[in-house]
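Right, one structure below, let's go through it.
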Amino acid sequence: MFKVHVSFALLIAAGTAAPALASAAPTPTPKAVAPAARQQATPTRAALIKGLETGFKAIDSNGDGFVTAAEAQAAEAKVLQQRVVRARSNIEAEFTKLDTNKDGQLSKVEFMAAAPSAPNVQANGAAIVTQLDANKDGKISLDEYRSRQLAVFDKVDTNKDGTISAAERQAAQAANPQRRRR
């Protein structure tokens, strides 16, 4: 359960949930980025800060400059629901692909019965707030929200130029191989 909250906190901190959380309308699935294109993107501290601020604002639904447990829980629940919607869409596509002769012998009802449903894990905004709330006031400020990810960025940016080069990224990955991205 701790891993789920850490993963969610990092997802939020990285700002990747911001576009999905910023609007109530479903967003189209982004096209896959070629590995070469991902490696060419040079992350900067400024871009990280901008993404963190965007993600924070998307979660801070009342705009008071703090993320409460309730706001974190609502954001987490929305992300989890979006994952279920994407998984079900992928399963539908796989069914169509597997039924190559289109005779319906692969029962769609049976196939969809194996589709994931809502996670068995309850969203827990309080745990996220506890984890990120450095001054223990029960809320997450923007500084608290960004501090962990900026510390990681600063550690990887060994020459302190505000940009993570390919060499710095590779050195960080080599130093921490168990933390590879999926």
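FYI, it's all coordinate maths here, none of it is from the lab. Quick caveat: nothing in here was measured; it's all calculated off a predicted structure. Note that each Cβ is placed from the backbone with ideal geometry, even for glycine, and that neighbours are counted across all protein chains shown.
Normalised by residue number, the volume inside the convex hull of the Cα atoms of the stretch 44-135 is 141 Å³ per residue.
Hey, which of these cross-link pairs are over 31 Å Cα-Cα: K57/K97; K57/K136; K78/K160; K78/K102? Going by Cα-Cα distance, K57/K97; K78/K160; K78/K102 fall outside the 31 Å limit.
Since only F111, N176, V85 are under comparison, the one whose Cα sits farthest along the positive direction of the charge dipole of the stretch 80-182, derived from C-beta charges on Lys, Arg, Asp and Glu, is N176.
Here the Karplus relation 6.51 cos²θ - 1.76 cosθ + 1.60, evaluated at θ = phi - 60°, turns the backbone of the stretch 90-101 into coupling constants of 5, 5, 4, 5, 5, 4, 4, 5, 5, 7, 5, 8 Hz, with x for every Gly and Pro. On a per residue basis, the convex hull of the C-alpha atoms belonging to the stretch 83-182 measures out at 183 Å³.
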